[in-house]
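> Got a structure here, written out as structure tokens. Questions coming.
The values are calculated or read from the model by the stated rules, or taken from the named source; none is laboratory data. All figures in this text were calculated on a predicted structure; none of them were measured in a lab. When we count neighbours, we look across all protein chains shown, and the Cβ atoms used for this are built from the backbone with ideal geometry, even at glycine. Calculation scope for accessible area: heavy atoms of the full protein, side chains included, ligands and nucleic acids excluded. Shrake-Rupley method; radii C 1.70, N 1.55, O 1.52, S 1.80 Å.
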Amino acid sequence: MTISAPGPVPTRVAMGTGEISLFRRGPGGPVLFLHAAGGAGEWSPFHGRLSRHFDLVAPDHPGFGLSDELHEVATMADLTAHYVALLDKLGIDRLDVVGASFGGWVAAELVSTIPDRVDHLVLMAPAGLDVPEAPPANLFEMAPPDLVRALFYDDATVRAALFAPRTPEQIAQTEKDKKAFGRFARDPYLHNPDLPARLPRITCPALVIAAEVDVIIPRAHSEAYARAIPGAVLRDMPRAAHGMHHERPDDLADEIIRWLTVSDAAPAVR
């Protein structure tokens, strides 16, 4: 069982026409964690384990979680520029970047934009590419119980999540996040046709982690990233589904910690 210390108090940072919220905790070099379509505003055991080793910076995307909707951040290009500006504002010159699902897409966009500033990259079941033979699930139409079943591998975890009570505030937050997600991912759905041409710009050691079972972002998307990023390594997280950093936080965090501390460029697993 994972036991995590209480999370840090989120920090408000003025950005553009409003403020964004972020968690920051830990020693060592900075690691930027970019969250999925869900999970904003949460400090999880996964965050806690990474923050024992690194200066973990975990912002809520604009419009998600506790961050304001920034009207000037309306496209993926805007979101990428937002994160470059945030790093500059925080005085972070060099860093490692970790992204999950939608956040993996954002991470790939960011690192391909500022490759000279990034030492390591980790993409966990990343979205962002068009893979016609293995399309992602339609998250705008998926019923909440089906989404829960798709997120978790373990039946007991699924049952616990399905029957967990939800407050009105949590329901409202889910709707807010869904609206923000739609700004960046609805059209074209969950990919950027211009991204593949930029992925060869990524020169740092890159690890792509695929879940054993993933009906939200099928494994073919992780394989496509591993082929497109020079020297990327593709690994599987066994006994996990798309929400792997919630389901297996210690194992996944330890895999990432090893990559960020001892990795160098290596041939990708195809």
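> Scan (i) 18.4; (ii) 19.4; (iii) 20.3 for the value of Kirkwood radius over Cα pairs in Å calculated from this model and give just the label.
Given (i) 18.4; (ii) 19.4; (iii) 20.3, the structure-derived one carries the label (i).
> What is the antiparallel percent of DSSP beta bridges lying wholly in the chain, to the nearest 5? Kindly include the intermediate steps, with their values, before the conclusion.
Details: 9 of 32 bridges.
In the chain, DSSP labels about 30 percent of beta bridges as antiparallel.
> So if R0 is 35 Å, what FRET efficiency would residue 239 and residue 17 give, r being the distance between their Cβ atoms, rounded to the nearest 0.05?
0.20
> Once every DSSP H run of n ≥ 4 in the chain is given -39500 (n - 2.57) and the sum is divided by its residues, what mean residue ellipticity at 222 nm do you get, rounded to the nearest 500 deg cm²/dmol?
Result for the chain: -11000 deg cm²/dmol, rounded to the nearest 500.
> Another one. List every residue whose amide H lies under 5 Å from the amide H of residue 239, counting only residues 5 or more places away in sequence or on a different chain, with H placed 1.01 Å from N in the peptide plane.
Sorted by chain and number, the residues that satisfy this are 212.
> To continue, here is another question. For residue 179, give me every one of the aspartates and glutamates with a C-alpha distance below 17 angstrom, ignoring sequence neighbours fewer than eight places off in its own chain.
Excluding near neighbours in sequence, the set is 60, 68, 69, 72, 78, 141, 169, 187.
> What distance in nm lies between label points placed 7 Å from Cα along the C-beta direction at residue 9 and residue 186?
About 3.7 nm separates the two model spin labels.
> With just the Cα atoms of region 86-164, tell me how far they stretch along each of the three principal axes, in Å, largest first.
Principal-axis extents of region 86-164 (Cα, largest first): 44, 32, 20 Å.
> Continuing with the same structure: Taking 0.36 nm per residue of sequence separation and subtracting the Cα-Cα distance, how much length would be gained by fully extending the chain between residue 262 and residue 166, in nm to one decimal?
Fully extending the segment from residue 262 to residue 166 adds 30.5 nm.
> Note down the relative contact order for the chain as a percent, whole number, built from C-alpha pairs under 8 angstrom at least six residues apart.
Numbers: 531 pairs, mean separation 52.4, N = 270.
19 percent.
> Hey, what did region 125-270 get for relative contact order, percent, Cα under 8 Å, at least 6 apart?
33 percent
> Here's another thing I want to ask about it. Taking 41 Å as R0, compute the FRET efficiency from the Cβ-Cβ separation of residue 146 and residue 198 and round it to 0.05.
About 0.80, to the nearest 0.05.
> Pop a pseudo-label 7 angstrom from the Cα along the beta-carbon direction at both residue 254 and residue 130 and give the gap in nm to one decimal.
4.1 nm
> Return the sequence-ordered ³J(HN,Hα) values of region 151-158 in whole Hz as given by the Karplus equation 6.51 cos²θ - 1.76 cosθ + 1.60 applied to θ = phi - 60°, using x for Gly and Pro.
7, 10, 7, 7, 4, 5, 5, 4
> Compute and list, largest first, the equivalent-ellipsoid semi-axes of region 10-59 from the alpha carbon gyration tensor, each √(5λ) rounded to a whole angstrom.
For region 10-59, the semi-axes come out at 19, 13, 8 Å.
> Counting only heavy atoms of the protein chains, get the accessible area per residue of the chain (1.4 Å probe) and round it to a whole Å² value. Provide the component values of the computation, followed by the final result.
Values: 11880 Å² over 270 residues.
Spelled out: the 1.4 Å probe surface of the chain, per residue, equals 44 Å².
> While we're on this one: Hey, could you get me the Stokes-Einstein D for region 64-198, Kirkwood radius over alpha-carbon pairs, 20 °C and 1.002 mPa s, rounded to whole µm² s⁻¹? All intermediate terms of the calculation are to be shown ahead of the outcome.
Numbers: Rh = 16.7 Å.
The diffusion coefficient I find is 128 µm²/s.
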